[in-house]
Amino acid sequence: MKRIILILFIIGCVVAAIGLVITRPQRLQADALSGLTPDADRGRLVYAAMGCASCHMAPGSDDPTRLPGGKSFVTDFGTFYAPNISTDPEHGIGDWTDEQIATAVLRGTSPDNQHYFPVFPYGSYMRGDPSDVADLIAYLRLLEPDQTPSRDHDVGFPFNIRASLGGWKLLFANPDWIVTGDLTEEQERGRLLVEAMGHCGECHTPRNILGGMNTNDWLAGAAIPGQKGRTPDLRAPSLDWSAADIVAYLKTGLTPEYDSAGGEMVDVIANTSQLPDSDLSAIAAYLLVVGAN
Amino acid sequence: MRKILIAGLAITGTAIGAIAYADNHISDAQKAAAVKARQAHMTLYAFNLGTLGGMAKEEIPYDAAAATAAADTIATLAQLPQSGYWLPGTDNGSMENTRALPAIWADGSDVGTKAGDLVTAATAMQTAAATDLDSLKAAMGPLGASCGGCHKGFRQPDE
């Protein structure tokens with residue numbers, strides 16, 4: 001009897017170990033950023049497109065160049081707080097290497113090989129382009145340091161076990177494109193901006209009970225965690241807007257009826273309004289394809 | 001100066017007192033009417049922005065006089081007294097058919113600042129609309145953002 005228990009115990013350990021190996025945190029390849037010449041001016045636009053400030057600004061702040069964190073995210077799993085990602089070496093990420101920052105954004109893995117929680121939208125960012133992220137990092141390094149300490153998340157057992165996020169990533173974090181098939185160059189640019197950088201799906205796509213996105217209902221509109229109301233369906237004909245209407249909305253927040261955007265979309269528009277018209281047209285071209293699929 | 005300040009405080013105090021008093025005495029019909037009135041006020045913003053937005057999108061030709069009239073109307077509307085239809089007890093937790101969030105009436109609410117931001121942006125649009133189409137286009141972003149600045153924290157997204 002004792003022997004059987006011992007054997008079962010050993011088998012259990014092996015299974016768990018295999019599980020931890022399969023789900024262990026991934027890092028970027030060591031040479032992923034080599035040979036690039038980062039451009040901080042381009043990085044400013046990447047920063048707007050990726051919307052880092054929407055989450056890492058102080059709550060209620062309008063200054064996208066200060067990133068002390070502190071904004072709260074109420075979810076079914078607990079309340080998360082955005083950390084300080086300013087250039088302060090102690091409280092922020094000032095002493096991180098480029099590889100460490102890029103690995104956090106594109107793989108959701110910390111410098112000490114822990115998984116990040118997917119409120120940090122790396123599940124979208126991982127579809128992005130390392131050279132964009134290299135530009136982004138060059139820009140981030142120009143921002144002011146801030147000494148505000150990061151706040152601990154308020155998340156109970158078992159969701160607070162970061163190792164278990166490896167299983168979540170295995171199931172739900174998929175770097176493949178959602179919309180595939182023949183796309184024009186403009187539509188492909190729009191796909192990069194929507195599916196990866198702008199992480200539009202994080203708010204506009206419904207989630208399952210484990211918080212993974214139902215990609216079959218891609219951009220179909222979703223409940224807003226911790227609030228009444230839903231985000232709208234972005235698929236035509238539900239969204240019966242022309243490309244020009246979509247561009248105007250992403251620039252001014254005004255709908256074709258000249259109502260104005262509200263809720264968290266206001267932060268998104270603060271970012272998209274900085275992008276060149278060509279990028280906004282690309283987003284519109286992509287959204288019109290999503291509707292047609 | 002001191003006299004003016006005291007007079008100002010007295011008026012504000014009376015106004016708050018009146019609203020607090022009124023809170024217990026407002027009928028459901030009055031509340032429903034207040035909601036309708038503020039939504040109509042908002043609809044007038046949208047209607048006039050339609051003229052400016054149509055020109056910015058080049059759906060209708062730029063016309064300085066028409067643009068100025070629309071901008072003037074928005075600026076005037078933004079400065080009208082509105083406390084009569086933002087009555088306490090008319091948030092979307094207390095009644096149907098409104099998307100106004102309780103945050104409007106919460107302690108430390110900066111809804112007044114947001115209303116002031118709209119006045120600033122609308123005033124800038126008055127100048128821009130009279131200047132030329134490029135100025136009008138450039139002023140659309142800040143004006144739209146000032147509407148959104150208030151809708152962000154004070155209006156619930158649809159449904």
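Please identify every one of the chymotrypsin sites (Phe, Trp or Tyr not before Pro) in the stretch A:150-217 that sits in a loop by DSSP and has no more than 16 other beta carbons within 10 Å of its own beta carbon. Numbers along the way, then the final one.
Working: sites: A:159, A:168, A:172, A:177; in loops: A:159, A:177.
Here the chymotrypsin sites (Phe, Trp or Tyr not before Pro) that fit, given the DSSP loop and packing criteria, are A:177.
Between residue B:69 and residue A:185, what is the label-to-label distance in nm when each label sits 7 Å out along the Cα-to-Cβ direction?
4.6 nm
Could you tell me the largest-minus-smallest coordinate of the C-alpha atoms of the protein assembly as shown on each of the three principal axes, in descending order and whole angstroms?
Dimensions of the protein assembly as shown along the principal axes of its Cα atoms: 87, 52, 46 Å.
Just grab the label-to-label distance for residue A:142 and residue A:177, each label 7 Å out from Cα along the Cβ direction, in nm (one decimal).
3.1 nm
Could you work out how far apart the two model spin labels at residue A:217 and residue A:112 are, taking each label as a point 7 Å from the Cα in the direction of the beta carbon, and quote it in nm?
If labels sit at residue A:217 and residue A:112, their model points lie 3.9 nm apart.
Quickly estimate the mean residue ellipticity at 222 nm for chain A, helices only: each DSSP H run with n ≥ 4 gives -39500 (n - 2.57), and the total goes over all residues, rounded to 500. Present the calculation step by step, with values, prior to reporting the outcome.
Values: 12 runs with 115 residues, N = 293.
One gets -11500 deg cm²/dmol as the mean residue ellipticity at 222 nm.
Per-residue mean of other chain beta-carbon atoms within 10 angstrom of the beta-carbon, peptide A:227-233? Please report the intermediate quantities before stating the final value.
Numbers: counts 3, 7, 8, 3, 3, 3, 0.
Averaged over the peptide's residues, the number is 4.
What FRET efficiency would be calculated for the residue pair residue B:25, residue A:150, taking the C-beta separation as r and a Förster radius of 30 Å, to the nearest 0.05?
Efficiency, from the Cβ-Cβ distance: 0.05.
Given contacts defined as C-alpha pairs under 8 Å and at least six residues apart, what's the relative contact order of the stretch A:175-293, whole-number percent?
It comes to 29 percent, rounded to a whole number.
Under the definition of partner shielding as Cβ atoms of other protein chains within 10 Å of a residue Cβ, what is the mean value for peptide A:247-257?
6
Could you go through the stretch B:76-89 in sequence order and give the Karplus-derived ³J(HN,Hα) for each residue, using 6.51 cos²θ - 1.76 cosθ + 1.60 with θ = phi - 60°, rounded to whole Hz, and x for Gly and Pro?
Per residue, the Karplus-derived 3J(HN,Hα) values read 5, 3, 5, 9, 5, x, 10, 4, x, 10, 9, 6, x, x Hz.
For a quick check: with amide H placed at 1.01 Å from N, whose amide H comes under 5 Å from residue B:155's, ignoring anything fewer than 5 positions away on the same chain?
Those qualifying (amide H under 5 Å, at least 5 residues apart or on another chain) are A:263, B:101.
Quick note: the coordinates plus some simple rules give every number you see, no bench work behind them. All of these numbers come straight from a predicted model, not from anything done at the bench. Neighbour counts run over all protein chains shown; Cβ positions are idealised from the backbone, glycine included.
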